[in-house]
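Q: This is the structure I have questions about; it appears just below.
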Amino acid sequence: MTMPLYFYTKNIVFQEVPNEISLSFSIAGCPNGCKNCSWSNLGLKPEQLTDDLYSKLLKKYKGYASCILFLGGEWNQDALINDLKQARNAGYKTCLYTGKEDVSNEIKQQLDYLKVGPYIESKGGLSNPNTNQKFIDLKQNKILNKYFIKSEVK
């Protein structure tokens, strides 16, 4: 039996996946321990992402959100793949943000987008041109970091 995913928050987000409105889940249980992680000190109690709850959320946001985004979860590969497949079957695009350098091919097969790389404070996140992180469109095999870097309007 697959252990379910647990999440701290679910939100509709507009900036994490270029040109998509995403229903995002911040997944609990990350073993990475990255310095300055935004989820490490919130004091939130995680909620189980049951099949029933997830199915209801996919139906509720159909036509409003276009992508399902998991902020973590790769450490529970079977559950993550199950949820990604469900999202794709419901007509959503899929994305994973991970602090790892890469994830398994089995996970990648269920993704449209993948953000990889640990957050290194001196290099910044995706909005910094010097970041070590990469946001990849897996279908086109393109790095999309340019969409996160703000340019001055003249």
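Each value in this text was obtained by applying a stated rule to the coordinates, not by laboratory testing. Please read these numbers as outputs of a predicted model, since none were measured by experiment. All Cβ positions, even for glycine, are placed from backbone atoms using ideal geometry, and neighbour counts span all protein chains on display.
Q: Once you list every other residue whose beta carbon is under 9 Å from the beta carbon of residue 90, what net charge do they have if Lys and Arg are +1 and Asp and Glu are -1?
A: Net of charged neighbours comes to +3.
Q: Let me ask something else. Between residue 146 and residue 132, 0.36 nm times their residue separation minus their Cα-Cα distance comes to what?
A: 3.7 nm is the gain from fully extending residue 146 to residue 132.
Q: Also: Which GluC sites (Glu not before Pro) does the stretch 53-154 hold that lie in a coil by DSSP with at most 15 other beta carbons within 10 Å?
A: 101, 121, 152
Q: Grab the Cα-Cα distance for residue 55 and residue 101, subtract it from 0.36 nm times how many residues apart they are, and report the gain in nm with one decimal.
A: Roughly 13.6 nm would be gained on extension.
Q: Projecting each Cα onto the charge dipole of the chain (Lys/Arg +1, Asp/Glu -1 at the beta carbon, about the Cα centre), which of 92, 48, 73 comes out farthest on the positive side?
A: 92
Q: Here's another thing I want to ask about it. In which sequence would 137, 52 go, from the one with the fewest C-beta neighbours within 10 Å to the one with the most?
A: By the 10 Å Cβ count, ascending: 52, 137.
Q: Which entries in the list 100/150; 45/100; 85/115 go over 22 Å, if you measure between the two C-alpha atoms of each?
A: Pairs exceeding the cut-off: 100/150; 45/100.
Q: Still on this structure: Between the helical axis of 77-89 and the dominant principal axis of the chain, each derived from Cα atoms, what acute angle in degrees is found, rounded to the nearest 10?
A: So the inclination is approximately 90 degrees.
Q: How tilted is helix 51-61 with respect to the longest principal axis of the chain? Cα atoms for both, answer in degrees (0 to 90, nearest 10).
A: Its long axis makes an angle of about 60 degrees.
Q: For every other residue with a beta carbon closer than 14 angstrom to the beta carbon of residue 148, add +1 if it is Lys or Arg and -1 if Asp or Glu, then tell me the sum.
A: +3
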